[in-house]
Each structure stands twice: as structure tokens, then as C-alpha cells.
Amino acid sequence: MARQLTFRIFRYDPADPDSKPGFVDYPLEETPRLNLFVALHRIREQQAPDLQFDFVCRAGVCGSCGMMINGRPTLGCRTLTAELPTTITLAPMPSFKLIGDLSVDTGTWFRGMNERVESWIHTQKEFDPTAEEERMDNETAEKIYELDRCIECGCCVAGCGTANIREDFLGATALNRIGRFMLDPRDERDSEDWFELVSTDEGVFGCMGLMGCDDVCPKELPLLEVFAYMRRRMTQVATGQAKPDAGTSQPVIS
Amino acid sequence: MSEIITTDVLVIGAGLAGERAAISAAAEGNEVLILSLVPPRRSHSCAAQGGMQAALGNCAKGEGDSEELHWLDTVKGSDWGCDQEVARIFADNAPIAMREMAHFGVPWTRVKGGPADYFIKGKKVTLEEPREKEGLIMHRDFGGVSRWRTCYTADGTGHTVLYTMDNMVVQLGIKVHDRMEAISLIHDGTRCLGAVVRCLRTGVLKSYLAKATVIASGGFGRVYKYSTNAIINQGTGQSIALDTGIVPLGNMEAVQFHPTGIVPTDILVTEGCRGDGGLLLDVDEYRFMPDYEPDKQELASRDVVSRRMTEHIAKGKGVPSPDGEHLWLDLRHLGEQHLRTKLREVYDICMYFLGVNPIKELVPVRPTQHYSMGGIRVNKDGHAYGLEGLWSVGESACWDMHGMNRLGGNSLAETVVAGKFCGQRMGQWASQQPLALDTKMAADAVVVQQNRINALLGDGLGKANENVDALHDAMRETLQAKVGIFRKGGELEEAVDTLRDLYQRAQNLKLRSSTKGANPEVALALRLPGMIKLGLCVAKGALLRTESRGGHSREDYPERNDKEWLKRTLARWPEGAAEPDISYEPVGLLESPPGQRGYGGATNISMEQSVAKYNDNVKQEWIKQGWHETATPLGAELKEMVEYASTKES
Ligand SMILES: Cc1cc2nc3c(=O)[nH]c(=O)nc-3n(C[C@H](O)[C@H](O)[C@H](O)COP(=O)(O)OP(=O)(O)OC[C@H]3O[C@@H](n4cnc5c(N)ncnc54)[C@H](O)[C@@H]3O)c2cc1C
Ligand code: SF4
Ligand code: SF4
Ligand code: FES
């Protein structure tokens, strides 16, 4: 017998003065391999045509569908109802501005994050279209890719106690991004530059290290190792042990 | 009055093509603003896994590669339906564009010199990778190519390239307005002035006025029921161009089905699976492709592999399942190490969405709608036919390097090459134009759209009674069932009739909700008539094209007919019409006369006209259709652009 599921969904339209925040229950019969992408579309088609939520790739790669599923931030499209109890509570992720119902404004938040950490290669070199590409050994490329896999879903931010109480805290995704560029030999920022970026309370030292982020990251980024590496390097700078540009291309994950 | 926002260049779409074009236009000194339905990094480009083609020739199996070979593979892949000159611009510039992406920060997989193990045509082989190329961009094999030339980052190519591109956009301070949907173009019949845009946060309409408007809105795969495309790929960019009644859409019947969408859910697993040695098996776990395609086997072009799979299923060799028949993709022999590094996204997708472990189990796959070769018809600068100031790049455009079938890895590569070069032409053009600030025209265009919304929300039409979701489903099912991989006259006629009827019914939509703000039902209701129009262009184009070429395969006309059909279909939708007007133009100058592809096994009806005669007519036929004269005259040596680029950008 198929299970009867109850979706308890947070509903609120901040644009509508008559709308009051609260949870509404929607019953739905479970079908084989049902995931939340399919389930929420069924609910929208059959019961709540104006229900807001965000899916784009529906394949776990675009990072659009972060939401609180029974209290835990994760990707809706990749979550199968079979893994959940019959009552499924869905709420928007905290820390981000609410757009309506389950939809939050991660776009503005992440653009801001990318601006703050200057998420691009800092280099004086000009592109030369007639030259062969600058070489890089494949191990380094793989290590950069490992950290470049963040999909900006925001789950780590939603799951972070520090980020929830401090708006200026950069969050795990930002620290990971900084780690990605620290590893990249093409980026000419040196230890001092990185120090300025992460050694404040908003950066790696503001992080309490409880690793809520590491538990929830759907891409299983090695956040633990990234933080440990950054702390080490920043402590070296703070205590004057760092050579000017030491280890820009050092591996994070040993 | 509604808000008016002005800029020099308005780019509709923040995928790879739109962002690359924006960067080029900004480099020409323009103020650029990008609109997107979603935050840029969530655009569909992020989902591309396999890689992008460029003839760098860095690895053992890429040795001797050249732009010339890449061009020829592309022309063959297109079944001689492409504009060969555009294919040259593309092939010549792809290596530069890839290297530039390396410079911007893409962590490309790199060559490791020394012995390396691969699976090629079902066998394990060890090759010596050249030590002198150590550290250059690596390549993998893909379908329909004569050399390994697909540049990649594991199986997250689109993700890393899009993130790198958006990093550039952030660095340059280019503004992006996300959750904004262009719902109509503002134009006076000869000149495009911008777009009416609906905010998906609040439902409010605004107008954006610009010297140049660029549509880079991606594919329209979601008009089909089963598609690998992101759910936002609903073709609004193409349909607002069609709505002008002036701009034609090219080759809309050319739809690509990818051999390996997983069953169920239709999520793509990359062609890189087969490029890296994955095999296709049938119900008996028998490897059938070498029987059909002895030379290319699993790696013939996509149209061919998808047809062979469909044929094989029709012979009773499919695997039955509650979600329909499928075949198997076998990746087991590639091993855990390979599947958890180079094909890691594939591994995750199989595990999370199917509960199948590809290290030990077979993956259920079937051909699934994947790519739109057709789109907004533009000249080789990316300038849309008939409407000055409107441009298009990427999957939404019919620039036409793909003709009737595109090769794997050529699309992602197209986005950055076309974005870079058409973006530059467009940027130069825009920098010489005055900004036409016709606020009256903008306000009028907004009113037209606001009236549509008001009518939908019930402030008018009493007789409305049609359900949005029901019509949406009926449209997708019609295209799926009747305008699929194999097509025949009778079914296509039925499809045209059904869609025509659905289009009429879509004028009487009745919403179930009344929320005025960011109501998703309103969003779909606004898109639906346009989607049905695109579907009609596909179906009618397919009905009229009585031959088989590339992705368009007619059971009742199995030959490729170069005598009558060396043509590009153009679909226009005159105001108030019930269906599109179809006309034709020559595909372009023929440098390589139509020949044999060497795979696919089809027969051809030869050209009667001489190539010289055919070429003589191209330009005047194009001008009749609204083609704009290009900055470099037609047929000039195109390498010139490369030289220009190097003086300008270095
Ligand atoms: C699963 C999958 C895998 C693929 N893998 C490969 C591969 O390995 N190699 C390859 O070469 N190709 C691949 N392709 C094809 C390739 O990814 C696409 O063709 C390409 O990314 C399209 O890029 P684009 O910039 O044209 O459009 P997109 O990336 O789709 O971007 C479209 C943009 O337009 C915006 N938009 C759309 N409509 C509007 C509107 N009305 N108003 C405002 N904004 C709008 C969207 O928000 C988005 O930002 C793959 C495709 C799929 C489906
Ligand atoms: S370790 Fe804790 S405080 Fe630090 S980023 Fe992760 S969740 Fe936040
Ligand atoms: S680090 Fe992980 S959880 Fe955080 S945004 Fe990136 S992918 Fe999501
Ligand atoms: S919809 Fe893209 S990650 Fe879920």
C-alpha cells in the first residue's frame, strides 16, 4: 500500500499585506521513487497553484532548491520521500531574504559573497591569444576542482549557527571559495591579502568549528580540511612565520 | 507609469553565451545589463558535464588535430545543413576561447605525460601521453569526431566554465538583474529598442531600453514531455522574437535527442560516459551498436546512435520497465576510481536519482530530447534577421554551425566562441548607435502586457475556461508522441492540427489562483501560448521537410535529399495568424559539397545544381529574408577576426 504523506509547508507572501506566515498541510499519495521536485509540482498542479519554490536543473547540480526538510537544509530535488517519515515539514532556508513560501533570495546573497571575497583570479598577466595556455599539473587542477564544486546552494549557511546570528559572517561557502583561490597558482594574491580577508571575526576566526556546514553540504566538499588549512596558514601569518607568498599552491587535502 | 531602465546593451540570459557576450560588449565600452530568470550560476549551462570541443590536439589521440578537421567533423555532423562559414569562425576560434577560459580560471583537466589506460571500442588500451604536452589542456573522446578534442573538467565542465565566467562578470561589475523575465520585445517594426520585463519576485512589469538587445535564453527543450533540459528552458526568448512577426526562427524542426537520458527522470548522463569507454547493451546484455555502426560504434553522432537505439528497441530488444522500455549503459569496466573522479556527477546522479550504483550495476537509459539546433535566425555577427538592434547567441540562436545535428561538445564551445565574437561585433555596433529613448513606445508595450495579465487574473474575459496545466501537458505530449526521433507525414499532420487547436484554446486561459504578485501560475500562463507557437514551428517545419537529414528523420522520406532540401527552414508568425508562415533559404556558401558522413548508413539524392551556381544565389536569397550585411563581407577570410581580436584584447 502506498503511504499517505502529509506535506506541512510554510506559506507566506511578503508582498501581500493580507498574507500571514504559517504552515499549511497538503496530503499526497506516495509513488515509487518520489522526490520533492515531483511532489511539490504535483501539489502545485493539484492543490496550490500559487505555491512558490525554486527548481531549475532538478538533477542536484544547479543549487536552486535548498530548503529546510524536517529541519535540515538540503536539496529538494535530490531528496526522496522514501527516506522521510510520512509527515514532511518544509520551510524556507533562514539567513536569506524570503521571496515567498519556500523561495529565498540566494542570488543576491551569493553575488554579495562573490564580491566580498573577490571571487576571481587576481593577475597582472594579459591574455595572449597567440600563446599556448599556461601549464598546470593535473594534480593541482584536480585539487582546485574539488573545491570549485560548490554549487552555491546555501545549505551550509542555513545550517550554520554563526551565520544565523551574524549577518556579516562569511559562511563556509565563502571560506571554501577563498581556499579555492588560495590553491590556484594563477592567483597572485599573497598571504597578506588572504589574511586581510579571512582573519577577522567575519572570516575563519569567527567560525566556531562545530561543522554544521560540513554535515549538510550536499556536494560533500571537504570543508573540515579547508578550514584547518586556512587556520594554519593564517596563524602562521599572524605569528610572522609565513614567507611572503608561502604555499599559494600548497595542497589543501593531503 | 511603470519604471523604465536604460542601458547601452541589454542581454536577456545569464548562461555562458549571454555572459560571454556581455563581457565582450563591456570591453567595447558599453554599459551592459543582464537579465535572467534565475541567479546566473543556476542557468542551464551549469549542468553540462562532458566538455567542449576545440582543436588543441594536446593528447595522444588528439595528435595531428587542426581547426580544419574540427570544421569538417562539424559540417559532417550537421549533415551538410550548417552554414559552413560560421562553422569555420567557430572551429578557428574555439582553441583561443578555451585558452582564454584557462586564463580566466577554469581548472581544466590537464595532460599527464607517460603511459595511461583507456577503453577504446570496448577494449582496454595503454597509450603513451606526450610528455612534452604535460600540463596542457587534456581531451576526451566524443561522438562523431576524428580526434579527441573535448576539453573538460572531470564531468563538471559547464559548472566550472559558468562559475569562471560569472566571476568575470562580478569582477567587471556588470549588473545582473535576476528573477526577471523578458516577456515581449519593444520595437517599431524595423528597430528593436528593448524589452518588457516581468519581475518574478513581485509580478511588477518594467521596461528596459537599450541600443542593442541580445537574446541568449538557451534552448526550448521543455516543449517536449521528456527532456534533459532544465525546467526553465521553455523558450521564452525564441517566442518573444517570433512574436515580433518579423524575425524568423531557423530550422526549428532540427531537435536533438541524446542517447543517454536516464529512466525515469530523464536526467542526462554525459556522452563522456561513452567517450571514456561506456557501452550500450540490450535486454540480453548484448552490445548491439557495432552491428549497426561497425566503425564508430557507440560514438557515431547523436542522431545516429539515438535512431539505432530506437530501431533496436522496436526489434523487441528493449528492457521492459514500468516507465517504458529502455536500454542499458554499462560503465562497470571503467572502475571505481574513474567513476568517482572523472565521472563523479554521473555516479552521484545514478546513486541519488535511481539508486543504481554504476560501479556494479547497469544504468537504464533511452534517447531523450536534449538540444535545439533551431532558434532565432541571425547573420554571422549574431544580428537577427529583419530587426536592427536585436541579436542572439548560444542555444537560442540559429547562427547555424550545427545545421540539422550538432556534435556533442560543440554547443558549450559555441556559447563561448559566439559570445566572444558576436558579442564583440554587437558591442562595436552598439557603441556607434544613439540611445533611442522612446518612452511612449515603452509605456505602450507595457500596457499591452499588463492587459494580458489583468485578463488572466480575471479582470475581463468571462468566457475563459481553459486550464493552464492541462494545455501545457497536452502540448508536451503531442510533441513527444508525434514529433520525436522518427517522424511520419500522417502523425505530423495530426500534431500540427492538435497544436493549432491548443494555441486557440490557450487564448482562453482561466487561472485557479488570483495572487497578484510572483504567482507561478501567471508565469506559466504567460509563457504557454509562446511555447505552443514554438511547438507549431517544430511540427510544421518537420511536416514540410520531406527528407531525412541529421536529427530530422522521416520514415516516409528516408533519404537525404540534396537536390531539393539543401535549405534552412525559416518560420515567421504574422500578427493574428493561426500558424507560422514557412519559407526557405540556402544553407550558406558550400566549401565542402554534400558528401557521405561515414556513419548512419543513409542514402542521398545528389545535388543537381553545381556548387558554384548554388553559391551564387546565397547572398541575394538571404537578403530577401532580412539578412543584415556583416562587418566582414560574406565569404571573406575569417581568420581575420582572430587577428583583430589579438590586437584589440591583448
Ligand atoms: C544536461 C545537459 C548537458 C549538456 N552537456 C553538454 C556538454 O557536455 N557539452 C556541450 O557542448 N553541450 C552540452 N549541453 C548543451 C549546452 O549545455 C547548452 O546548449 C548551453 O549551455 C546553452 O547555453 P546558453 O548560454 O545558450 O543558455 P543557458 O545556459 O540555458 O542560459 C539561458 C539563460 O537565459 C535566461 N533566460 C531564459 N529566458 C529568459 C527570459 N525570458 N528573460 C530573462 N532571462 C531568460 C536564463 O535564466 C538563463 O540565464 C548540455 C545540455 C544539457 C541539457
Ligand atoms: S564550522 Fe560551524 S560556524 Fe563554522 S562555518 Fe561551519 S557551521 Fe558555521
Ligand atoms: S559549500 Fe556545500 S553547502 Fe555550502 S553552498 Fe557550497 S555546495 Fe552548498
Ligand atoms: S534543482 Fe538544481 S540542485 Fe535541485
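The values are calculated or read from the model by the stated rules, or taken from the named source; none is laboratory data. Note that this is a predicted model, so its numbers are computed, not measured. Backbone-built Cβ (ideal geometry, glycine too); neighbour counts: all protein chains shown. Just so you know, the surface numbers come from the protein's heavy atoms only, side chains and all, with ligands and any DNA or RNA stripped out. Shrake-Rupley method; radii C 1.70, N 1.55, O 1.52, S 1.80 Å.
A few remarks follow.
- If you go through region A:80-108 and pick out every residue that is within 16 Å of ligand 3 (Cβ to nearest atom) and within 9 Å of chain B (Cβ to nearest Cβ), you end up with 4.
- The test for being in contact with an Asp or Glu (Cβ under 7 Å, 6 or more places away or on another chain), within 11 Å of chain B (Cβ to nearest Cβ) and at pLDDT 95 or above does not hold for A:Cys77.
- Pairing residues of region B:410-429 that are under 19 Å from B:Val32 (Cβ atoms) and of a type in the set (Phe, Trp, Tyr) with residues that are open to solvent by 10 Å² or more (accessible area, probe 1.4 Å) and within 16 Å of ligand 3 (Cβ to nearest atom), at Cβ distances under 6 Å and at least 6 apart in sequence or on separate chains, gives no pairs at all.
- Qualifying residue in region B:378-388 (condition: surrounded by 24 or more Cβ atoms within 10 Å (Cβ to Cβ) and of a type in the set (Lys, Arg)): yes
- The residues in region A:180-209 that are within 16 Å of ligand 2 (Cβ to nearest atom) and more than 13 Å from chain B (Cβ to nearest Cβ) can be counted, and the count is 13.
- Test: residue in region B:78-87 that is open to solvent by 10 Å² or more (accessible area, probe 1.4 Å) and within 26 Å of A:Pro129 (Cα to Cα): yes
Listed here are the residues, each with its yes/no results for (1) part of a loop (DSSP other than H, G, I, E, B); (2) free of Cβ contacts under 8 Å to residues at least 40 places away in the same chain; (3) more than 16 Å from ligand 1 (Cβ to nearest atom).
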position: A:Thr6; (1), (2), (3): no, no, yes
position: A:Ser19; (1), (2), (3): yes, yes, yes
position: A:Thr31; (1), (2), (3): yes, yes, yes
position: A:Arg42; (1), (2), (3): no, yes, yes
position: A:Asp50; (1), (2), (3): yes, yes, yes
position: A:Cys77; (1), (2), (3): yes, no, no
position: A:Ala82; (1), (2), (3): no, no, yes
position: A:Met93; (1), (2), (3): yes, no, yes
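- Residue match in region B:281-288 (condition: of a type in the set (D, E, K, R), more than 24 Å from the chain's Cα centre (by Cα), on the phi > 0 side of the Ramachandran plot and open to solvent by 10 Å² or more (accessible area, probe 1.4 Å)): yes
- Residue satisfying all of: in region B:198-223; crowded, with 19+ Cβ neighbours inside 10 Å and over 30 Å from B:Asp266 (Cβ atoms); nearest to the other protein chains (Cβ to nearest Cβ) among these: B:Leu205
- Hits in region B:81-119 - residues which are in a helix (DSSP H, G or I) and within 11 Å of another protein chain (Cβ to nearest Cβ): B:Asn93, B:Pro95, B:Ile96, B:Ala97, B:Met98, B:Arg99, B:Glu100, B:Met101, B:Ala102, B:His103, B:Phe104
- If you check B:Leu511, B:Leu534 for being at pLDDT 95 or above, of a type in the set (A, V, I, L, M) and not in a strand (DSSP E or B), only one passes: B:Leu534.
- The set of residues in region B:322-345 that are within 11 Å of chain A (Cβ to nearest Cβ) and closer than 18 Å to B:Pro259 by Cα comprises B:Asp323, B:Glu345.
Condition check ((1) of a type in the set (D, E, K, R); (2) open to solvent by less than 30 Å² (accessible area, probe 1.4 Å); (3) within 16 Å of ligand 1 (Cβ to nearest atom); (4) farther than 26 Å from B:Tyr224 by Cα) across all residues:
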| position | (1), (2), (3), (4) |
| --- | --- |
| B:His402 | no, yes, yes, no |
| B:Leu407 | no, yes, yes, no |
| B:Glu414 | yes, yes, yes, no |
| B:Phe421 | no, yes, yes, yes |
| B:Glu466 | yes, no, no, no |
| B:His472 | no, yes, no, no |
| B:Gly489 | no, yes, no, no |
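- Restricting region B:521-535 to residues that are crowded, with 21+ Cβ neighbours inside 10 Å and farther than 13 Å from B:Arg476 by Cβ, the residue that is farthest from the other protein chains (Cβ to nearest Cβ): B:Lys533
- Single condition A:Val157 does not satisfy, out of (1) open to solvent by 10 Å² or more (accessible area, probe 1.4 Å); (2) within 16 Å of ligand 4 (Cβ to nearest atom): (1)
- Filtered residue count, region A:48-69, keeping only those that are within 16 Å of ligand 2 (Cβ to nearest atom) and buried (at least 24 other Cβ atoms within 10 Å of the Cβ): 1
- Within region A:20-28, the presence of a residue that is surrounded by fewer than 24 Cβ atoms within 10 Å (Cβ to Cβ) and within 9 Å of chain B (Cβ to nearest Cβ) is excluded.
- Here A:Gly107 qualifies as in a helix (DSSP H, G or I), within 14 Å of ligand 4 (Cβ to nearest atom) and open to solvent by less than 20 Å² (accessible area, probe 1.4 Å).
- The single condition among (1) within 24 Å of B:Gln297 (Cβ to Cβ); (2) hydrophobic (A, V, I, L, M, F, W, C); (3) open to solvent by 10 Å² or more (accessible area, probe 1.4 Å) that B:Val75 does not satisfy is (3).
- Of all residues in region B:175-188, exactly one satisfies the criterion of being open to solvent by 30 Å² or more (accessible area, probe 1.4 Å) and assigned to a loop (DSSP other than H, G, I, E, B), namely B:Asp188.
- Any chance B:Ser146 is part of a loop (DSSP other than H, G, I, E, B), under 17 Å from the mean Cα position of the chain (by Cα), more than 9 Å from chain A (Cβ to nearest Cβ) and away from ligand 3 (no atom under 16 Å from the Cβ): no
- Members of region A:115-140 that are open to solvent by less than 40 Å² (accessible area, probe 1.4 Å), of a type in the set (Val, Ile, Thr) and facing another protein chain (nearest Cβ under 7 Å): A:Ile121
- Single residue of B:Gly51, B:Gly64, B:Gly29 found to be of a type outside the set (Val, Ile, Thr), at positive phi, open to solvent by 10 Å² or more (accessible area, probe 1.4 Å) and in contact with a Ser or Thr (Cβ under 6 Å, 6 or more places away or on another chain): B:Gly29
- Residue within region A:210-233 that is within 26 Å of A:Asp54 (Cα to Cα), away from chain B (no Cβ under 14 Å), part of a helix (DSSP H, G or I) and touching a Pro at 6+ places or on another chain (Cβ under 7 Å) present: yes
- Sole exception among (1) within 11 Å of chain B (Cβ to nearest Cβ); (2) more than 16 Å from ligand 4 (Cβ to nearest atom) for A:Arg149, by number: (2)
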